[in-house]
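A.B. asks: If you scroll down you'll find the structure; I have some questions about it.
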Amino acid sequence: MRATVSAHVHFMIESVYKALETVAEWSVSFIGKRAETALFFLRYLIPALGLIVLLRCLISLFREDSRPERWGRLVLSGDVTIPLMHWENTIGRGRSCDIRVDVPTVSRSHGALIRDNRGGWTVYDLSSRTGIEVDHKKVDGSMPVRPGQVITVGGLDMVFLPMSEEEEREQAESRRYRYQPVSQGFTLFLLSMLQACFFLSFFLDPSQPADGRILLGFPCLAAVSWAAYLFTRSIRRRAFEAETLALLLTTAGFAVCATSAAYEMTRQILFLIAGVILYFCVGAVLRSLRLVKKLRIPAAAAGLALLLVNVVFSEAVLGAKNWLSIGGFSFQPSEFVKIVFIFVGAATLDRLFTKKNLFLFVGFAAMCVLALVLISDFGTGLVFFVTYLVIAFLRSGSIGTVFLSVGGAVSAGLLAISLKPYIASRFSGWRHAWDFPYDSGYQQVRAMSAAAGGGLFGLGAGRGWLETVVAANTDLVFGVVCEEEGLIFGLTMILAVILLGVYAFAYAGRARSSFTVICSVSAAAMLIFQMMLNVLGSMDILPFTGVTFPFVSRGGSSLIACWGILAFIKACDTRQNASFTVRVPGRRKRNAADVDEDVRIYVRGSEAEHD
Amino acid sequence: MTKIKRRSAVLLIIILLLAAGMGIFLFRYFRDGRHWAAFSANRTAYTDGVLKHGEITDRDGEILLTMEDGTYRYSADTATRLSTLHAVGDRYGNIGTGANIVYRDYLTGYDTVNGLYRSDRKGSVALSIDAGLNRRAWQALNGRKGAVAVCDCDTGEILCMVSSPSFDPESPPDSFDSPEYEGVYINRFLSSAYTPGSIYKLVTAAAALETLPDAMQRTYHCAGSCEIGDDTVNCMGVHGDLSMREALAVSCNCYFAQLAVDVGGKAMKDKADALSLTSSVFMDGVPSTKGNYTLSSEALDTAWSGIGQGQDTVCPAAVLRMMAAIAGKGEAPDLTLLKDGPEGGSAVLLPEKTAETLAELMHNNVVTSYGESLFPGIRAYAKSGTAEVGGGLSPHAWFVGYGEKDGRTLAFVVLVENGGYGSSAAGTVASDVLTAAFDG
């Protein structure tokens, strides 16, 4: 029975392909020579639309009203008021404390005042010298604090006045968009136009036979784009810049797939759908810090288990054994571990000051990198390592720690290189690709030659030759994009990834929790660094390590994982009703039992840490 | 939170690193893109490594080669095809120094904005050679193997470059195995090194002028032969006592053999190095074959080297550049095969005073030995060479120098393999080509 159904589906899809191909052939023969003219204009339209979409996302991110949120205040004697701008606030003498109390009896990092999802607040003593009191009762580790209570820090009394639910609702109302300078829907429409341009490029090209799989791919891509947008709107969220940028990159990836592996087009659509679903799932988890805390240890365990299976059962593809095949479906576990890695690395403020947490993460990171070295995936190992450095720096702020890690890693790396001739060979030709155009520089010189051949506007989608070189649509993908769509479009792709980073950076200061800041900044750093290795590696400026270009390189694992990582970046956006990963406060009635549960979790957690 | 916000600037550092890397990439892209695109694996420009489109002309726009969809069409004239083959190149790239390979960056039709888009817009390269002059030189060689080249001493442009043997690229012979086609793919002007024979006496003279203060006054005795240690160096005649001026004019072996011994092997080698006879000279980045000077502690070896009959060899291209340097008061421009070629540099090969003395001696050679009638209306400076090659074969004939007329200075080098006596075999070719070069 099942076999018949799948045969039917197969037959239907094949018929659609056939129909599209027939229509394309007929159209080309009908418009004849004018097809070339149309293609001539498409060649300029594609980079132009790419740039416009990018610019509209940029403007949208920075022109919109995005006043920071407020969550309450501390009133000192003499009417001095300190606003609470975040869900997590440090108290201390230090210059970078959120609540700065410049009194000698106060430690540099004295304590923390933290709000949870449901509006309950807790005060933490970060092993200060003189301690913290709430209503003149000493805080042992942590203690919930209620509105109107007096927090005493180093002999100084502060009355704690958080915003009431009513005020939070009013704030949300007042920050609601009055007008949107850039319509997200229209930006997406322009992106659909770009997708249509790609469709037409393949549809009208008289120099190659029409391929139904390609012709069906682009409409499906547009459909997925709009479905994601409509879903976002349906849950009352308006911002779609990050998603649009990711879809722009994915569109370029579809063009690469079409030219290099038309037979993969259908699967590429399924991968995108899976990626978008993963994106919303990861984002949903990030809505609740409580859930995040519960999931960290299981996630870390799952990630390590995945890598362990990889080390034991993997297959070697082009030297690196990073592929795992299960029931005819092969994937790269390391791509999914990236999501776990960021998830495990990030932490809320109360945990940043406990060393145990950091050590756990260091151990986890070391095992991840070791596993990748064992399977010879040097490039991905490097991406993990740099992400680790970023997270370590965000958490500790200590350059010393970071330098120590670099030193350790360089010696470990040298050891790895000396043990793995395959890696060493990748370094030997570095910066001398043109001296070895037929061995160690083979791929790079071809990528450079093709990129230059494309000029600023490209040869036209599907008209390049670089796709015939090994790994062109993954490791050399920048060359393929530059050859077919031109340097301008290639640079637009790079700028799109950079813009995701600028987005994370710009909103880092307004985020509610340090967890989301670490998530978004390290996720952006990971994507940018990985792209840097891909682009500069293929252009012989960095060693050629064979990592993927986020969203653009062909490959299901990579595409799906990149969409998952995108959710982290989205988590820092606190513009009102912007990001679905950020809850709108005050919408749900607070439940007294929930508050109590929260408190118990905190108390238990802090006891464990202080024992 | 404030702390973490500050630390998130680490993201900007990564972005800056990326921007720096992209800066390097873009710089290289715009500087080298033309070269990258012309890589022979680029299938937009090549089919199986053969350039699809392009056009090569001579300095007057006469078409020497047209490439269309991988089809090569050479000039309609047989003599033009044969005489310009080594300059233009063959379809299969066997002539590695052919213009179709060396200037492929310009033949692809690449431009920065469009790259190779619509690569049927063929690129065109105008060579500095004059096809008429090449035909003339080819005819003057009359089937003998060798090389003829003429360059403009002010610009370094090569006006004539012929290498023989050659073949007709429109109807190549079935087999290149016969001796007639020995080394047919080699551009003998650029990619061969030969025993120099008497033309090397100019190098010995230059070395003497700079190491011996009394070089011009010095006399040596020639009794038809002379003793160097226990061995004998023979001369073509019995010249008696003579000065450098007289010795160069009659090309006395005894004089220059003894002079070389007095100058010393070290100074001889240094001079050869300074004149870049032992290193490559570059023609638009293509290196010539290096000549050789072997330093020996034996006086006899030094003596033989002084008359160009020792271990030493020279490449015709390096000799041509040396002639340009003598004409240019010691300074020679870089050689180029492109019309209005890239703004080339120049190099000082020998001191001005030495250059002027050599020029005076070379003009004296023409007046007293070769006869001014060889170059009517031209003020000519020359030296012949007859390089013994052994093996019962006729010697290689050399004739090198330069001429001045109407404010132009053209240097020439003629080499006829196994041509016999230098001034008669090669001299007539030089006469023919140089006269035509000034008239044409």
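A.B. asks: Give the residue that is surrounded by the fewest Cβ atoms within 10 Å (Cβ to Cβ), with candidates limited to residues of region A:59-83 that are within 14 Å of chain B (Cβ to nearest Cβ) and under 27 Å from A:Phe240 (Cα atoms).
C.D. replies: Filtering first and then ranking leaves A:Pro68.
A.B. asks: Among the residues that make up region A:84-94, is at least one of them aliphatic (A, V, I, L, M), within 14 Å of chain B (Cβ to nearest Cβ), in contact with a Gly (Cβ under 6 Å, 6 or more places away or on another chain) and under 24 Å from A:Ala578 (Cα atoms)? Outline the logic, then answer.
C.D. replies: So the first thing to find is which residues in region A:84-94 are aliphatic (A, V, I, L, M), and the list is A:84-85, A:91.
From what's left, within 14 Å of chain B (Cβ to nearest Cβ): A:84-85, A:91.
Filter again for in contact with a Gly (Cβ under 6 Å, 6 or more places away or on another chain), leaving A:84, A:91.
Those left that are additionally under 24 Å from A:Ala578 (Cα atoms): A:84.
Yes, some residue in region A:84-94 is aliphatic (A, V, I, L, M), within 14 Å of chain B (Cβ to nearest Cβ), in contact with a Gly (Cβ under 6 Å, 6 or more places away or on another chain) and under 24 Å from A:Ala578 (Cα atoms).
A.B. asks: Can you name every residue in region A:277-334 that is among the hydroxyl-bearing types (Ser, Thr, Tyr) and modelled with pLDDT under 90? Show your work before the answer.
C.D. replies: Narrowing region A:277-334 to residues among the hydroxyl-bearing types (Ser, Thr, Tyr): A:279, A:288, A:314, A:325, A:330, A:334.
Within region A:277-334, A:Ser288, A:Ser314, A:Ser325, A:Ser330, A:Ser334 qualify.
A.B. asks: Do the conditions hold for B:His86, that is, is it within 14 Å of chain A (Cβ to nearest Cβ) and within 30 Å of B:Val150 (Cα to Cα)? Before you say what the answer is, go through the steps one by one.
C.D. replies: On the way: within 14 Å of chain A (Cβ to nearest Cβ): no; within 30 Å of B:Val150 (Cα to Cα): yes.
Spelling it out, it is not the case that B:His86 is within 14 Å of chain A (Cβ to nearest Cβ) and within 30 Å of B:Val150 (Cα to Cα).
A.B. asks: Mind counting the residues in region A:26-65 that are of a type in the set (Ser, Thr, Tyr) and closer than 30 Å to A:Ala239 by Cα?
C.D. replies: The initial filter retains those residues of region A:26-65 that are of a type in the set (Ser, Thr, Tyr), namely A:27, A:29, A:37, A:44, A:60.
Now narrow it down to the ones that are closer than 30 Å to A:Ala239 by Cα: A:44, A:60.
Result for region A:26-65: 2.
A.B. asks: Could you look through region A:517-539, keep only residues that are within 7 Å of chain B (Cβ to nearest Cβ) and at pLDDT 95 or above, and pick out the one that is surrounded by the fewest Cβ atoms within 10 Å (Cβ to Cβ)?
C.D. replies: Once the filter is applied, the top-ranked residue is A:Leu536.
A.B. asks: Where in region B:196-278 are the strands (runs of 3 or more DSSP E), entirely inside, with at least 3 residues that are in contact with a Leu (Cβ under 9 Å, 6 or more places away or on another chain) and in contact (Cβ under 8 Å) with a residue 24 or more places away in the chain? Give the derivation first.
C.D. replies: On the way: elements: B:220-222, B:225-228, B:231-234, B:240-242.
Strands (runs of 3 or more DSSP E) meeting the threshold: B:220-222.
A.B. asks: Go over the candidates B:Val319, B:Val286, B:Val314, B:Val281 one by one and state the one that is among the aliphatic types (A, V, I, L, M), out of contact with any Asp or Glu (no Cβ under 9 Å at 6 or more places or on another chain) and modelled with pLDDT under 95.
C.D. replies: On the way: B:Val319 fails: modelled with pLDDT under 95; B:Val314 fails: modelled with pLDDT under 95; B:Val281 fails: out of contact with any Asp or Glu (no Cβ under 9 Å at 6 or more places or on another chain).
Unique residue meeting the criteria: B:Val286.
A.B. asks: Continuing with the same structure: Exactly one of (1) more than 28 Å from the chain's Cα centre (by Cα); (2) surrounded by fewer than 22 Cβ atoms within 10 Å (Cβ to Cβ) is unmet by B:Tyr255. Its number?
C.D. replies: That leaves (2) as the condition not met.
A.B. asks: For region B:87-103, indicate whether the set of residues that are farther than 30 Å from B:Gln139 by Cα and either of a type in the set (A, V, I, L, M, F, W, C) or in contact with a helix residue (DSSP H, G or I) (Cβ under 6 Å, 6 or more places away or on another chain) (or both) is non-empty.
C.D. replies: Of the residues in region B:87-103, the ones farther than 30 Å from B:Gln139 by Cα are none.
No; the residues of region B:87-103 include none that is farther than 30 Å from B:Gln139 by Cα and either of a type in the set (A, V, I, L, M, F, W, C) or in contact with a helix residue (DSSP H, G or I) (Cβ under 6 Å, 6 or more places away or on another chain) (or both).
A.B. asks: Also, I was wondering about something else. Tell me, yes or no, whether region A:483-496 has at least one residue that is within 13 Å of chain B (Cβ to nearest Cβ), surrounded by 24 or more Cβ atoms within 10 Å (Cβ to Cβ) and of a type in the set (S, T, N, Q).
C.D. replies: Yes, region A:483-496 has at least one match.
A.B. asks: Scan region B:109-129 residue by residue and report those that are among the polar types (S, T, N, Q), out of contact with any Cys (no Cβ under 9 Å at 6 or more places or on another chain) and surrounded by 23 or more Cβ atoms within 10 Å (Cβ to Cβ). Step through it out loud before you land on a result.
C.D. replies: As a first pass, look at region B:109-129 and keep what is among the polar types (S, T, N, Q): B:112, B:114, B:119, B:124, B:128.
Those left that are additionally out of contact with any Cys (no Cβ under 9 Å at 6 or more places or on another chain): B:112, B:114, B:119, B:124.
B:Ser119 - this is the single residue of region B:109-129 that is among the polar types (S, T, N, Q), out of contact with any Cys (no Cβ under 9 Å at 6 or more places or on another chain) and surrounded by 23 or more Cβ atoms within 10 Å (Cβ to Cβ).
A.B. asks: Further, regarding this structure: How many residues are β-branched (Val, Ile, Thr), in contact (Cβ under 8 Å) with a residue 40 or more places away in the chain and more than 30 Å from A:Ala172 (Cβ to Cβ) when one looks only at region A:519-577? Outline the logic, then answer.
C.D. replies: Looking only at region A:519-577, we keep the residues that are β-branched (Val, Ile, Thr), and these are A:521, A:528, A:535, A:541, A:545, A:547-548, A:552, A:560, A:565, A:569, A:574.
Add one more test, that the residue is in contact (Cβ under 8 Å) with a residue 40 or more places away in the chain, and what stays is A:521, A:535, A:541, A:545, A:547-548, A:552, A:560, A:565, A:569, A:574.
Still in the list and also more than 30 Å from A:Ala172 (Cβ to Cβ): A:535, A:541, A:545, A:547-548, A:552, A:560.
Result for region A:519-577: 7.
Residues checked against (1) among the polar types (S, T, N, Q); (2) crowded, with 18+ Cβ neighbours inside 10 Å; (3) part of a helix (DSSP H, G or I):
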{"position": "A:Val5", "(1), (2), (3)": "no, no, yes"}
{"position": "A:His8", "(1), (2), (3)": "no, no, yes"}
{"position": "A:Phe11", "(1), (2), (3)": "no, no, yes"}
{"position": "A:Ser15", "(1), (2), (3)": "yes, no, yes"}
{"position": "A:Glu36", "(1), (2), (3)": "no, no, yes"}
{"position": "A:Phe40", "(1), (2), (3)": "no, no, yes"}
{"position": "A:Arg43", "(1), (2), (3)": "no, yes, yes"}
{"position": "A:Leu55", "(1), (2), (3)": "no, no, yes"}
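A.B. asks: Exactly one condition in (1) surrounded by fewer than 23 Cβ atoms within 10 Å (Cβ to Cβ); (2) of a type outside the set (D, E, K, R); (3) not in a loop (DSSP other than H, G, I, E, B) is false for B:Gly392; which is it?
C.D. replies: Only one criterion is unmet by B:Gly392, namely (3).
A.B. asks: If you check A:Val480 against the conditions, is it crowded, with 23+ Cβ neighbours inside 10 Å and in contact (Cβ under 8 Å) with a residue 60 or more places away in the chain?
C.D. replies: Numbers: crowded, with 23+ Cβ neighbours inside 10 Å: yes; in contact (Cβ under 8 Å) with a residue 60 or more places away in the chain: yes.
Judged against the criteria, A:Val480 is a match.
A.B. asks: For region B:333-355, which positions are surrounded by 15 or more Cβ atoms within 10 Å (Cβ to Cβ) and within 21 Å of B:Ala208 (Cβ to Cβ)?
C.D. replies: Correct list: B:Leu349, B:Leu350, B:Pro351, B:Thr354, B:Ala355.
A.B. asks: Restricting attention to strands (runs of 3 or more DSSP E) lying wholly within region A:74-123, give those where 3 or more residues are more than 15 Å from A:Ser514 (Cβ to Cβ).
C.D. replies: Details: elements: A:81-84, A:88-92, A:111-115.
Strands (runs of 3 or more DSSP E) meeting the threshold: A:81-84.
A.B. asks: Would you confirm whether or not region B:113-131 contains a residue that is within 21 Å of B:Gly422 (Cα to Cα), more than 14 Å from chain A (Cβ to nearest Cβ), modelled with pLDDT of 95 or more and in contact with a Lys or Arg (Cβ under 7 Å, 6 or more places away or on another chain)? First the steps, then the outcome.
C.D. replies: Filtering region B:113-131 down to residues within 21 Å of B:Gly422 (Cα to Cα) leaves none.
No, there is no match, as no residue in region B:113-131 is within 21 Å of B:Gly422 (Cα to Cα), more than 14 Å from chain A (Cβ to nearest Cβ), modelled with pLDDT of 95 or more and in contact with a Lys or Arg (Cβ under 7 Å, 6 or more places away or on another chain).
A.B. asks: Within region A:141-175, how many residues turn out to be under 39 Å from the mean Cα position of the chain (by Cα), assigned to a loop (DSSP other than H, G, I, E, B) and at pLDDT below 90?
C.D. replies: Residues in region A:141-175 being under 39 Å from the mean Cα position of the chain (by Cα), assigned to a loop (DSSP other than H, G, I, E, B) and at pLDDT below 90: 3 in total.
A.B. asks: Follow-up question, since we're still on this one. Take the residues of region B:130-162 that are on the phi > 0 side of the Ramachandran plot and touching a strand residue (DSSP E or B) at 6+ places or on another chain (Cβ under 8 Å): which is surrounded by the fewest Cβ atoms within 10 Å (Cβ to Cβ)? Step through it out loud before you land on a result.
C.D. replies: Filtering region B:130-162 down to residues on the phi > 0 side of the Ramachandran plot leaves B:142-143, B:146, B:156.
With the extra rule that they be touching a strand residue (DSSP E or B) at 6+ places or on another chain (Cβ under 8 Å), the set shrinks to B:143, B:146, B:156.
Working: B:Gly143: 9, B:Gly146: 27, B:Gly156: 25.
Filtering region B:130-162 for residues that are on the phi > 0 side of the Ramachandran plot and touching a strand residue (DSSP E or B) at 6+ places or on another chain (Cβ under 8 Å), the one surrounded by the fewest Cβ atoms within 10 Å (Cβ to Cβ) comes out as B:Gly143.
A.B. asks: Let me ask something else. Pick from region B:1-51 the residues that are facing chain A (nearest Cβ under 8 Å), in a loop (DSSP other than H, G, I, E, B) and of a type outside the set (A, V, I, L, M, F, W, C): which of them is surrounded by the fewest Cβ atoms within 10 Å (Cβ to Cβ)?
C.D. replies: In this case the residue turns out to be B:Arg43.
A.B. asks: If a residue counts only when it is of a type in the set (Asp, Glu), crowded, with 22+ Cβ neighbours inside 10 Å and in contact with a Pro (Cβ under 8 Å, 6 or more places away or on another chain), which strands (runs of 3 or more DSSP E) contained entirely in region B:54-108 have at least 1 such residues? It would help to see each step written out before you state the result.
C.D. replies: Working: elements: B:54-57, B:63-68, B:71-74.
It comes to none.
A.B. asks: Among the numbered criteria (1) crowded, with 21+ Cβ neighbours inside 10 Å; (2) more than 14 Å from chain B (Cβ to nearest Cβ); (3) part of a loop (DSSP other than H, G, I, E, B); (4) under 31 Å from the mean Cα position of the chain (by Cα), which one does A:Val182 miss?
C.D. replies: Unmet for A:Val182, out of (1) crowded, with 21+ Cβ neighbours inside 10 Å; (2) more than 14 Å from chain B (Cβ to nearest Cβ); (3) part of a loop (DSSP other than H, G, I, E, B); (4) under 31 Å from the mean Cα position of the chain (by Cα): (1).
A.B. asks: Can B:Leu350 be described as in a loop (DSSP other than H, G, I, E, B) and in contact (Cβ under 8 Å) with a residue 12 or more places away in the chain? Spell out how you get there, then give the answer.
C.D. replies: Details: in a loop (DSSP other than H, G, I, E, B): yes; in contact (Cβ under 8 Å) with a residue 12 or more places away in the chain: yes.
So B:Leu350 passes the test.
A.B. asks: May I ask you to say which residue of A:Arg512, A:Arg463 is within 9 Å of another protein chain (Cβ to nearest Cβ) and more than 22 Å from A:Thr581 (Cβ to Cβ)?
C.D. replies: On the way: A:Arg512 fails: more than 22 Å from A:Thr581 (Cβ to Cβ).
Of A:Arg512, A:Arg463, the one residue that is within 9 Å of another protein chain (Cβ to nearest Cβ) and more than 22 Å from A:Thr581 (Cβ to Cβ) is A:Arg463.
A.B. asks: Then there is this: For the list (1) within 22 Å of the chain's Cα centre (by Cα); (2) assigned to a helix (DSSP H, G or I); (3) hydroxyl-bearing (Ser, Thr, Tyr), I need the number of the one condition that B:Tyr402 fails.
C.D. replies: (2)
A.B. asks: Considering only residues that are assigned to a helix (DSSP H, G or I) and in contact with a Pro (Cβ under 9 Å, 6 or more places away or on another chain), look in region A:17-34 and name the one that is farthest from A:Ile214 (Cα to Cα). Talk me through it step by step, then tell me what you get.
C.D. replies: First, the residues of region A:17-34 that are assigned to a helix (DSSP H, G or I): A:17-31, A:34.
Imposing the further condition that a residue be in contact with a Pro (Cβ under 9 Å, 6 or more places away or on another chain) reduces the set to A:21, A:24-25, A:28-29.
On the way: A:Glu21: 10, A:Ala24: 12, A:Glu25: 14, A:Val28: 16, A:Ser29: 19 Å.
Going through the qualifying residues, I end up with A:Ser29.
The values are calculated or read from the model by the stated rules, or taken from the named source; none is laboratory data. None of these values were measured; they are calculated from a predicted model. Because the Cβ atoms are built from the backbone with ideal geometry, glycine has one as well, and the counts that use them run over all protein chains shown.
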